[in-house]
Structures are given as structure tokens and as C-alpha cells.
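What follows is a single structure, written as C-alpha cells, with notes after it.
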Amino acid sequence: NSSTATKPSHTYATAGTYTVTLTVTDDDGDSDSASQSVTVTAPILPPAAPTNLTTSVQTTGKRKEKIITSVQLSWTDNSDNEDIFIIERCEQTGTGKSRTCIFYEFGSVLANVTSFSYIPVNPESGTYIFRVKARNAHGDSAYTNEKKI
């Protein structure tokens with residue numbers, strides 16, 4: 001590319017090593033050039049979002065006496081640059097139409113691990129809603145689908 005701007009700039013679309021040449025021409029038509037090698041690296045981005053969150057639930061008891069004794073979460077890893085997966089669980093507050101779901105970090109697993117086991121210390125009844133995201137030093141991915149059990 002070329003430019004007649006006072007302070008020219010150029011953005012490279014792909015990583016690589018390029019030779020940059022600056023040519024200056026004065027009012028008398030005299031010109032001079034200088035060249036330099038520039039290495040462009042690809043940006044490091046947050047990881048891609050995991051997908052396909054599934055659950056496997058173990059329970060004891062029936063109907064009103066039914067309690068969750070363990071939950072196995074699994075998902076698909078769609079990235080190659082995550083450092084950790086963050087598992088979040090919803091804590092519901094309020095009742096009826098004023099019920100809200102506030103997610104909090106519930107657990108984590110290292111990169112390339114695509115499952116998480118939850119065994120309640122005190123088995124409990126109720127509704128669980130989980131979701132997972134990937135994280136690296138450059139940020140968080142979007143979340144998986146939510147799984148309600």
C-alpha cells in the first residue's frame with residue numbers, strides 16, 4: 001500500500017514478516033527511502049466457548065423424598081488455548097415472579113478436562129442450574145448452554 005498522509009499507517013491481515021519501505025519526496029522532487037523488517041504476530045484471544053453441556057444425575061428416594069446425591073457434568077472443548085474451565089451454579093432467590101438466578105463460580109478444572117463431578121456434602125433436594133465457561137489470561141469465553149436438573 002502507499003499513502004500521502006503525514007503519519008501513514010498500515011494494518012496487516014495475517015501474521016508474518018514484512019519489509020516496510022518509507023519513501024519521502026520533498027517539494028523539489030528529490031526523494032529518499034528507508035526499509036525495515038517488521039514481524040507481525042497473531043493476537044492472543046480469549047478461548048472459544050465450550051458447548052453441549054450434559055448432566056448425569058444420581059438420586060435416592062422418591063417424589064418429595066428424592067434427593068440428589070451426585071451430578072456429573074460433561075461438555076465439548078472447542079478451544080486450544082484455555083487455561084481452565086469455570087463451572088458455575090445458579091443460586092435462586094425470591095419466589096414466584098420475583099425469583100432470580102444468580103450464578104457463582106462453583107468449581108473449576110484444568111485445560112482439556114471436559115467433565116466435573118459434584119457430590120453434595122449434605123445431599124439435598126431442589127433445582128440445580130449449571131453452566132461452564134473457558135478462561136485464559138486474555139479473558140473468558142461465552143457460556144455453554146445451561147443445564148437445569
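Here are a few things to note about the model shown:
- Residue selected from segment 119-133 under the condition hydrophobic (A, V, I, L, M, F, W, C) and either touching a Phe, Trp or Tyr at 6+ places or on another chain (Cβ under 7 Å) or in a loop (DSSP other than H, G, I, E, B) (or both), by the criterion modelled with the lowest pLDDT: VAL121
- Here is the figure for segment 62-109: residues that are at pLDDT below 95, in a strand (DSSP E or B) and either β-branched (Val, Ile, Thr) or loosely packed, with under 10 Cβ neighbours inside 10 Å (or both) total 8.
- Meets criteria (at pLDDT 85 or above, aliphatic (A, V, I, L, M), out of contact with any Asp or Glu (no Cβ under 6 Å at 6 or more places or on another chain) and under 30 Å from THR17 (Cβ atoms)) for ALA49: no
- Residue in segment 50-57 that is of a type in the set (A, V, I, L, M, F, W, C), open to solvent by 60 Å² or more (accessible area, probe 1.4 Å) and under 30 Å from LYS147 (Cα atoms) present: no
- Members of segment 25-49 that are open to solvent by less than 90 Å² (accessible area, probe 1.4 Å) and without any contact (Cβ under 8 Å) to a residue 60 or more places away in the chain: THR25, ASP26, GLY29, SER31, SER33, ALA34, SER35, SER37, VAL38, VAL40, ALA42
The values are calculated or read from the model by the stated rules, or taken from the named source; none is laboratory data. Small disclaimer: the values here were computed from a predicted structure and weren't measured. We place every Cβ from the backbone using ideal geometry, glycine too, and count neighbours over all the protein chains shown. Please note that ligands, DNA and RNA were not included when accessible areas were found on the heavy atoms of the full protein model with its side chains. Shrake-Rupley method; radii C 1.70, N 1.55, O 1.52, S 1.80 Å.
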